[in-house]
Amino acid sequence: MKPIHQKSQLILEQEQRFIRDLSLRVLDKPQLHIWMIFIPIIFVHFYFEWQKYKNCSTSFKKNYIITFKRALDEAAAFVQDGREPDLDTLVKMADTPAGAQQKLAELFSVLIEHYEALLRANGSDYKSLVRSVYIKRANYLLFINQLNNAEKKFNAALKPQLESTIDDAKDIICAIERYSEKIRRNDAEEIFA
């Protein structure tokens, strides 16, 4: 059985991979066509679009991981020290609008429960930790549904604020939700193959 800090690292790496995959599907990546090289002004435009994509992708991944990382840290503290998770502090740290705070607390609760179970499980890699906790694919899919629903409720609570400040917020949120579900289901198939 691996120590908690090693299991935490395995879990964090899995979440980072998930977010990387999500960013590849959600963000529009500019495509380079061979003819662009021959037209300098078009190539310059492509270069600026590529830089914008890279910056956006980096920012997306850096900001998206925060919720997962905080929940994982809280679960690790609970498993190691027996300290009860402090959802109020986690929500305050997130600087979330008042109307979405309860939904964020629910999302944190789902994540912490999941991470706590993984941290207590026996296994040498992420897949074996998940198999140890959930035993069969159907149980893991129930967790995935619970997580997806918690994220959807949180996103729904954020929508009014986001729609007033971000163009196409509704479409972006729908894409994130759709691809999150798809990636997680594919992971479940792979873990329990």
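The values are calculated or read from the model by the stated rules, or taken from the named source; none is laboratory data. Keep in mind it's a predicted model, so treat the numbers as computed, not measured. So basically every Cβ, Gly included, is an ideal-geometry build from the backbone, and we count neighbours across all protein chains shown.
Of the set (1) closer than 22 Å to residue 101 by Cα; (2) buried (at least 17 other Cβ atoms within 10 Å of the Cβ); (3) in contact with a Gly (Cβ under 9 Å, 6 or more places away or on another chain), all apply to residue 133 but (1). Do you know which residues across segment 79-110 are closer than 30 Å to residue 3 by Cα, in a helix (DSSP H, G or I), in contact (Cβ under 8 Å) with a residue 12 or more places away in the chain and charged (D, E, K, R)? Correct list: 88, 106. Tell me which of these residue 123 doesn't satisfy, since it passes every other one: (1) surrounded by 17 or more Cβ atoms within 10 Å (Cβ to Cβ); (2) of a type in the set (Gly, Ala, Ser); (3) part of a helix (DSSP H, G or I). Unmet condition: (3).
Just one of the numbered conditions (1) under 21 Å from residue 10 (Cβ atoms); (2) within 19 Å of the chain's Cα centre (by Cα) is not true of residue 78: (2).
So that you can scan it fast, the table gives a plain yes or no per residue for (1) within 14 Å of the chain's Cα centre (by Cα); (2) aliphatic (A, V, I, L, M):
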residue: 123; (1), (2): no, no
residue: 137; (1), (2): no, no
residue: 153; (1), (2): no, no
residue: 175; (1), (2): yes, yes
residue: 178; (1), (2): yes, no
residue: 182; (1), (2): yes, no
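Only a single item in (1) more than 21 Å from residue 148 (Cα to Cα); (2) at pLDDT below 90; (3) not β-branched (Val, Ile, Thr) is not met by residue 97, and it is number (1). Restricting segment 95-114 to residues that are touching a Pro at 6+ places or on another chain (Cβ under 8 Å) and not small (Gly, Ala, Ser), the residue that is surrounded by the most Cβ atoms within 10 Å (Cβ to Cβ) is 108. Scanning segment 1-20 for residues that are outside any helix (DSSP H, G or I) and in contact with a helix residue (DSSP H, G or I) (Cβ under 8 Å, 6 or more places away or on another chain) yields one hit, 2.
Considering (1) buried (at least 17 other Cβ atoms within 10 Å of the Cβ); (2) at pLDDT below 95, the lone condition that residue 171 does not fulfil carries the number (1). Count, please, the residues in segment 62-94 that happen to be within 24 Å of residue 22 (Cβ to Cβ), surrounded by 13 or more Cβ atoms within 10 Å (Cβ to Cβ) and modelled with pLDDT under 90. Residues in segment 62-94 being within 24 Å of residue 22 (Cβ to Cβ), surrounded by 13 or more Cβ atoms within 10 Å (Cβ to Cβ) and modelled with pLDDT under 90: 2 in total.
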